[in-house]
């Protein structure tokens with residue numbers, strides 16, 4: 001005896017009915033769209049269109065990093081004011097009062113803080129970008145997004161502290177009776193150069209830190225030594241001419257000098273600034289390339 005399938009729609013035996021998929025009966029997984037993610041080669045690894053598509057994720061990560069910086073702290077955002085002021089007081093006493101460091105005709109606190117402005121941002125941005133992948137290792141193996149967004153958000157989050165530092169410097173200039181000249185209009189370009197340099201170094205160190213975890217233990221000492229080979233607490237012309245080429249290969253040298261020239265209305269060293277700009281762009285491109293070349297290994301070692 002033959003058996004006909006039961007039609008569940010009518011309750012009678014007969015040919016089985018084919019019902020269209022509904023929200024209660026979702027489509028088969030075979031019909032769902034798929035995304036094939038493969039590593040690219042060369043400069044094709046840098047997909048700028050993809051980065052534009054994830055711009056909202058970058059915005060939310062930047063906002064998250066800003067909130068995390070001062071979460072569960074007693075003073076909260078006040079640390080953005082106290083940290084640079086504490087460095088200013090200590091360095092002014094040690095190098096201004098005790099060591100008698102020259103300041104190119106300006107009060108030493110103004111001279112010093114004009115150098116601390118870009119350096120404090122650069123140092124904090126690089127340190128944040130270096131640990132961004134390890135601090136978010138739980139995300140790397142769970143969901144796909146451009147990994148370069150993580151160190152980028154850490155650098156951009158430090159821009160708020162830089163803005164607060166500029167406000168502090170403005171109050172200091174009023175207190176000393178200093179007014180900037182027309183060259184202060186170049187500050188946005190200098191901030192952009194500082195961000196580009198921090199991103200390049202951050203991309204490079206972030207990739208190295210994921211591949212070799214012990215790299216993160218020497219980054220703090222490296223940044224501390226880097227500050228003393230940059231003209232933060234002393235003018236660049238204090239270095240003898242035979243050794244000045246060592247400062248020229250440091251991208252922060254021309255940038256720090258240009259900050260002082262723009263804020264204190266002094267002549268620009270265009271040669272030094274040009275060298276720093278070229279090196280900053282080169283470091284950025286190399287760091288970005290290195291990051292994408294090592295990205296395929298992040299999930300395995302993070």
- [ ] For the stretch 76-301, would you read off the P(r) tail past 26 Å as a percentage of all alpha carbon pairs?
- [x] 38
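Using the 10 angstrom Cβ neighbour count as an exposure proxy, how do 197, 120, 294 rank, fewest first?
294, 120, 197
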TODO: With label points built 7 Å along Cα→Cβ from the Cα atoms of residue 142 and residue 244, find their separation and express it in nm.
DONE: 5.4
- [ ] Take 249, 256, 66 and order them by how many other Cβ atoms sit within 10 Å, fewest up front.
- [x] 249, 66, 256
Task: Simple label model, 7 Å out from Cα along Cβ direction - residue 167 to residue 211, nm - done: 4.2
Task: the stretch 221-246 and the stretch 123-197: distance between their alpha carbon centers, rounded to Å - done: 22
TODO: For a quick protection proxy, order the peptides 121-130, 153-162 by their average other-Cβ count within 10 Å, most packed first.
DONE: 121-130, 153-162
Task: Ranked packing of 202-215, 271-284, most packed first, by mean Cβ within 10 Å - done: 202-215, 271-284
Open item on the list: Could you give the length gained by full extension between residue 270 and residue 85, i.e. 0.36 nm per residue of separation minus their alpha carbon distance, to one decimal place?
Closed with: 63.6 nm
TODO: Given the peptides 136-149, 257-270, arrange them by the average over their residues of other C-beta atoms within 10 Å, most packed first.
DONE: 257-270, 136-149
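Every number in this text was worked out from the coordinates using simple rules, so none of it is lab data. Being a predicted model, the structure only gives us computed values, none of them experimental. Every residue, glycine among them, receives a Cβ derived from its backbone with ideal geometry; neighbour counts consider all protein chains shown.
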